[in-house]
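The values are calculated or read from the model by the stated rules, or taken from the named source; none is laboratory data. Being a predicted model, the structure only gives us computed values, none of them experimental. Note: ideal-geometry Cβ built from the backbone for every residue, glycine included; neighbour counts use all protein chains shown. Heads up: the accessible areas ignore ligands, DNA and RNA and are worked out on the full protein's heavy atoms, side chains in. Shrake-Rupley method; radii C 1.70, N 1.55, O 1.52, S 1.80 Å.
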Amino acid sequence: MTLVLENVQKAFGDVPVLRGIDLTIVPGQMICLIGASGSGKSTLLRCMNLLEPIDDGRILLDGVEISEPGHDPQPVRQRIGMVFQSYNLFPHMTAVENVMLAPRRVHGQSRAALRPRVEPLFARFGLADRMEHYPDQLSGGQQQRVAIIRALAMRPEIMLFDEITSALDPELVGEVLDVLRHLRGEGMTMVLATHEMGFARELADTVCFLDQGRILEAGPPSQIFETPQEARTRAFLSRVL
Amino acid sequence: MGSNPSYPRTKRQIYEARQRRRANLIGGLSTAAVLMAIVLLVPLAPGWAAVKRVFFNGEVFAKTFPGLLNAFLLDIAIFLWCAPLIAVLGLALAIARDLRTPALTPLRLAAVGFIDVFRGLPVILVIYLIGFGIPGLGLPRPWNSPYLWGSLALILVYAAYVAEVIRSGIESVHDSQRNAALSLGLSGSDVMRFVVLPQAIRRVVPANMNLFIALQKDVALLSFIGPVEIFRQAGVYKSLYANFTPYLGAALIFLAITIPATRYADHLMNRQRKARS
């Protein structure tokens, strides 16, 4: 599985949000997108999952142009999982029903067949006793971990994380980052928009600094965090570090 | 928190308890004063004796009340067979109105037209047009029954209202829910069926309850095309006894159903407001 973005452009009305993004994601890679609010990180992830149509450029999944107008987004989204800042669990379903809905409907699997598969996921992320709880009975960190399990249950080949710790109380951030560490250890291909610089530095293969809809600077974390080439990168890092 | 308010301990609790006693006292006194004025002054009106005899006649009330209660069973029966059909048709209309598939455009337009027409007409007019119009075609029994066509008129009108209420519920479900469901690879119709509609319908339960309370009252309108339900029965008694008290009895029977139902709908609405804030 390889995801390639070529000159991706996107505007909301007259406001350009992405102004020519080139990016290649290879299996097992972990890419962190950093940059100020409004720099285009979230929009980029949403375009990769075809939640937003792009205006120009191409997105290729294993050489197939998935961004082509009229291309069926459903099979693409089944291969690309996404987790959102605001969790977005379905409030009328228990945690385990949240997780089983997509495999049930998309793959036609029964609850009975799915349960033995999803139970270990809950156990692995410390939520074995929370499976039958409704979202409003869970803490933010627990909800976000359920949201990650929900995406993983579709066995995606790549996972997109859109600032998934930004809405959490500080003491809950760690438990969600631990899940990401775990996935990293398993070799999951991941793209994260994040404000957790320490985390990006620790685990990312590549850090991309986005500024006004462009990837201004990209490289291994050591380079971006220690010897940034661009003045804007330095200015941003001095504000957040 | 946790302390019993009838045994105030803190300064604030003592103060608030005193304020509450004061408010209750003033409220009680002013209500009693108004009631006293009504009880004392209304009988002084020159026509009171006649009004009392014609509208508040205990003897007529006792004689007609069982018959009214019995006639009300028909109102309830009409309500009970209309309500589920309204719910089903209303839901179908709400979904049809939001269709985006080009091939189904005629269905969408039909739903829009249907809702516009039946929300835009007085209920009684629809009952007359359908209830007199269709049997006027000379259909054989049972197809000329006013129960059938009167009920259909209520179903069409109320389904249009229910459809609009459900649609407002669909629109109130945040886009982030749709996006989350789509990102899992669910189809558009599955997103609607499993994620959007269940939340939308829960949210509009109180609003729909208010509609169904209104429906229970509007069942009385069918009396104009024939069925002897409670309002018609009260009219029969009125003619028989030359007395309006049966209408009062009918009103009390309606209120016995509608006031608790309205209170319950309000209670549900308050609970939702609290849950969401």
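Run a plain Debye calculation on chain A (Cα atoms as equal point scatterers, no solvent) and give log10 I(q)/I(0) at q = 0.11 Å⁻¹, rounded to two decimals, same order as the q list. For chain A at q = 0.11 Å⁻¹, log10 I(q)/I(0) is -0.58. Note on A:41-49: average number of Cβ atoms from other chains within 10 Å of each residue's Cβ is 1.
Think of the protein assembly as shown as a dipole: +1 on every Lys or Arg Cβ, -1 on every Asp or Glu Cβ, centred on the Cα centre; then among B:35, A:183, B:125, B:35 lies furthest on the positive end.
Qualifying GluC sites (Glu not before Pro) in region A:78-159, where qualification requires a DSSP coil assignment and no more than 15 other C-beta atoms within 10 Å, comprise A:132. For the peptide B:184-196, the mean number of other protein chain Cβ atoms found within 10 angstrom of a residue's Cβ is 6.
In summary, region A:144-228 shows an alpha-carbon radius of gyration equal to 1.13 times the 2.2 N^0.38 Å reference for compact globular proteins. Translational D (Stokes-Einstein, µm²/s) of the protein assembly as shown at 4 °C and 1.567 mPa s when Rh comes from the Kirkwood sum over C-alpha pairs? In µm²/s, the coefficient is 45.
Here is how the number arises for the protein assembly as shown: DSSP H runs of 4 or more residues each give -39500 (n - 2.57), the sum is divided by the residue count, and the result at 222 nm is -19000 deg cm²/dmol. Residue by residue along A:87-94, Cβ atoms of other protein chains within 10 Å of the local Cβ number 5 on average. With the simple model of a label 7 Å out from the Cα in the direction of the Cβ, residue B:168 to residue A:15 spans 3.0 nm.
Compute the Cα gyration tensor for region B:59-141, then decide on rounded, prolate or oblate, letting a ≥ b ≥ c be the square roots of its eigenvalues: rounded whenever a/c is under 1.5, prolate when a/b is larger than b/c in the other cases, and oblate in all that remain. Before the final figure, lay out each step's value.
Values: a/c = 3.04, a/b = 2.12, b/c = 1.43.
In terms of gyration-tensor shape, prolate.
First check a/c for chain B, with a ≥ b ≥ c the square roots of the eigenvalues of its C-alpha gyration tensor; if it is under 1.5, answer rounded, and if not, answer prolate when a/b is larger than b/c or oblate otherwise. It is oblate, given that a/c is not under 1.5 and a/b is not larger than b/c.
Entry comment: accessible area of region B:82-144 is 60 Å² per residue, from protein heavy atoms only and a probe of 1.4 Å. On full extension, the segment bounded by residue B:132 and residue B:88 gains 13.3 nm, given 0.36 nm per residue less the C-alpha separation. Legend: Rg and Dmax of region B:1-83, from Cα coordinates, 24.0, 59 Å. As a rough guide to protection, the peptides A:26-36, B:95-105 ranked by mean Cβ packing within 10 Å, highest first, stand as A:26-36, B:95-105. Beta-bridge orientation, the protein assembly as shown: approximately 55 percent antiparallel, per DSSP, counting only bridges with both partners inside.
Which order, highest average first, do B:66-73, B:41-48 follow once you tally other Cβ atoms within 10 Å for each residue and take the mean per peptide? Let's see the in-between values first.
Working: B:66-73: 16.2, B:41-48: 9.5.
Listed from highest to lowest mean packing, they are B:66-73, B:41-48.
So, with +1 on the Cβ of K and R and -1 on the Cβ of D and E, and no other charges, what is the size of the charge dipole of the protein assembly as shown about its Cα centre, to the nearest 20 debye?
2560 debye
Using Cβ point charges alone (K and R +1, D and E -1), the dipole size of region B:54-276 about the Cα centre works out to roughly 420 debye. Note on residue B:238: aspartates and glutamates with a C-alpha under 16 Å away, same-chain residues under 8 apart excluded, are B:59, B:229. Its Cα centre serving as origin, chain A has a Cβ charge dipole (Lys and Arg +1, Asp and Glu -1) of approximately 480 debye.
Hey, what's region B:6-49 come to in accessible area per residue, 1.4 Å probe, Å²? Spell out each step's value before the answer.
Working: 3990 Å² over 44 residues.
Averaged over the residues of region B:6-49, the accessible area is 91 Å².
Our summary gives chain A a relative contact order of 27 percent, counting only alpha carbon pairs under 8 angstrom and 6 or more residues apart.
Roughly how big is the A-B contact, given as buried accessible area in Å² (both sides, 1.4 Å probe, nearest 100)? Working shown, then result.
Numbers: alone 10690 and 16960 Å², together 25960 Å².
Buried surface at the A/B interface: approximately 1700 Å².
With R₀ set to 22 Å, the beta-carbon distance separating residue B:268 from residue A:139 gives a calculated FRET efficiency near 0.20.
Note on residue B:143 and residue A:26: the model spin-label points, each 7 Å out from Cα along the C-beta direction, lie 7.5 nm apart.
When only Cα pairs under 8 Å and 6 or more residues apart are kept, what is the percent relative contact order across chain B? Show your work: numbers first, answer last.
Values: 245 pairs, mean separation 69.9, N = 277.
Reported as a whole number, the value is 25 percent.
When peptides A:216-227, A:65-76, B:154-165, B:205-216 are sorted by average Cβ neighbour count within 10 Å, with the highest value leading, the order is B:154-165, B:205-216, A:216-227, A:65-76. For the pair residue A:237 and residue A:223, the difference between a 0.36 nm per residue extended length and the Cα-Cα distance amounts to 3.8 nm.
Label separation (residue A:107 vs residue A:132): 2.5 nm, computed from points 7 Å beyond Cα along the C-beta direction. Within the accessible surface of chain A, defined with a 1.4 Å probe on protein heavy atoms only, the carbon and sulfur portion equals 47 percent.
Antiparallel DSSP bridges in chain A: what percent, to the nearest 5? The partial results should precede the final answer.
Numbers: 20 of 37 bridges.
That works out to approximately 55 percent antiparallel.
Extension gain for residue B:69-residue B:56 works out to 2.9 nm (0.36 nm per residue, less the C-alpha to C-alpha distance).
Could you compute the FRET efficiency for residue B:275 and residue B:240, with r as their C-beta to C-beta distance and R0 at 56 Å, rounded to 0.05?
On the way: r = 52 Å, r/R0 = 0.93.
Rounded to the nearest 0.05, the efficiency is 0.60.
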